[in-house]
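Read through the structure below, which is laid out as structure tokens, and then see the notes.
The values are calculated or read from the model by the stated rules, or taken from the named source; none is laboratory data. Note that the structure is predicted; figures quoted are calculated from it, not measured. Cβ placement follows ideal geometry from the backbone for every residue including glycine, while neighbour counts extend to all protein chains displayed. Surface areas here come from the heavy atoms of the whole protein model, side chains and all, with no ligands, DNA or RNA. Shrake-Rupley method; radii C 1.70, N 1.55, O 1.52, S 1.80 Å.
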Amino acid sequence: MNAPQTPREWIAAGKKAYAAGDYAAAAEAYAGAAEALREGGQDLDAAEMENNRAVSLLQINRAEGAREAVRGTAEIFAAAGDLKRQAIALANTAAAEEGLGEKERALELYRRSADLLAELGEDQLRAEVMKSISSLQLRDRDALGALFSMRRGLAEVENPTLVQRLLKRLLELPAKFLPR
């Protein structure tokens, strides 16, 4: 197969590699797509590809590269008024910071992402971000904070999945035993 030439070809190569679990190749393809899109003046789409590259790099524990890839993308989306992609970029940046051991910075970015997603009514995405916050808090031995974050994340989901409904029920149990 010939090397990709157009942004569309780079993107297709990235998706194919990611689906195959070849995250290094996916990251490389998304970097090529981002570069080609930037050359064509498509900065928003280039920022999207940098976020895809960051996610791919995180899959292979290359948090520093992921942080570099996602750097500045939240601001690009914010300037364009694309708040959903801004929130996703903030969460991707948080994941990179978390991978680098920057827990406080990661929590701050996850919370900013969750707040934006709440404003947008993106309940499912917000629940995923709150799950990341909860997981980080749990690893940091903040069990009550983790419990609260997960409950808060699931509380506003309008159409919870079966797993989310079960988790909501389970998370109600400890609250029943806490003093009021």
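Quick one: is LEU57 over 19 Å from LEU125 (Cβ atoms), crowded, with 23+ Cβ neighbours inside 10 Å and within 13 Å of the chain's Cα centre (by Cα)? Criteria met by LEU57. The numbered conditions (1) surrounded by fewer than 21 Cβ atoms within 10 Å (Cβ to Cβ); (2) in a helix (DSSP H, G or I) are all true for ARG126 except (1).
Can you tell me which residues in segment 73-104 are open to solvent by less than 60 Å² (accessible area, probe 1.4 Å), in a helix (DSSP H, G or I) and small (Gly, Ala, Ser)? Residues satisfying the conditions are ALA74, ALA78, ALA87, ALA89, ALA91, ALA94, ALA95, ALA96, GLY99. Looking across segment 105-123 at every residue that is surrounded by fewer than 19 Cβ atoms within 10 Å (Cβ to Cβ) and among the hydrophobic types (A, V, I, L, M, F, W, C), the one that is nearest to LEU44 (Cα to Cα) is identified as LEU120.
Rundown of residues vs (1) without any contact (Cβ under 8 Å) to a residue 60 or more places away in the chain; (2) under 25 Å from SER134 (Cα atoms); (3) small (Gly, Ala, Ser); (4) in contact with a Leu (Cβ under 8 Å, 6 or more places away or on another chain), yes/no style:
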| residue | (1), (2), (3), (4) |
| --- | --- |
| THR6 | yes, no, no, no |
| TRP10 | yes, no, no, no |
| TYR30 | yes, no, no, no |
| ALA33 | yes, no, yes, no |
| GLY65 | yes, yes, yes, yes |
| VAL70 | yes, yes, no, no |
| THR73 | yes, yes, no, no |
| PHE77 | yes, no, no, yes |
| THR93 | yes, yes, no, yes |
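Scanning segment 38-54 for residues that are surrounded by fewer than 23 Cβ atoms within 10 Å (Cβ to Cβ) and under 23 Å from GLY81 (Cβ atoms) yields ARG38, GLY40, GLY41, GLN42, ASP43, LEU44, ASP45, ALA46.
Applying the criterion of being closer than 9 Å to SER56 by Cβ and of a type in the set (Gly, Ala, Ser) to the residues of segment 1-30, the residue that is surrounded by the fewest Cβ atoms within 10 Å (Cβ to Cβ) is ALA24.
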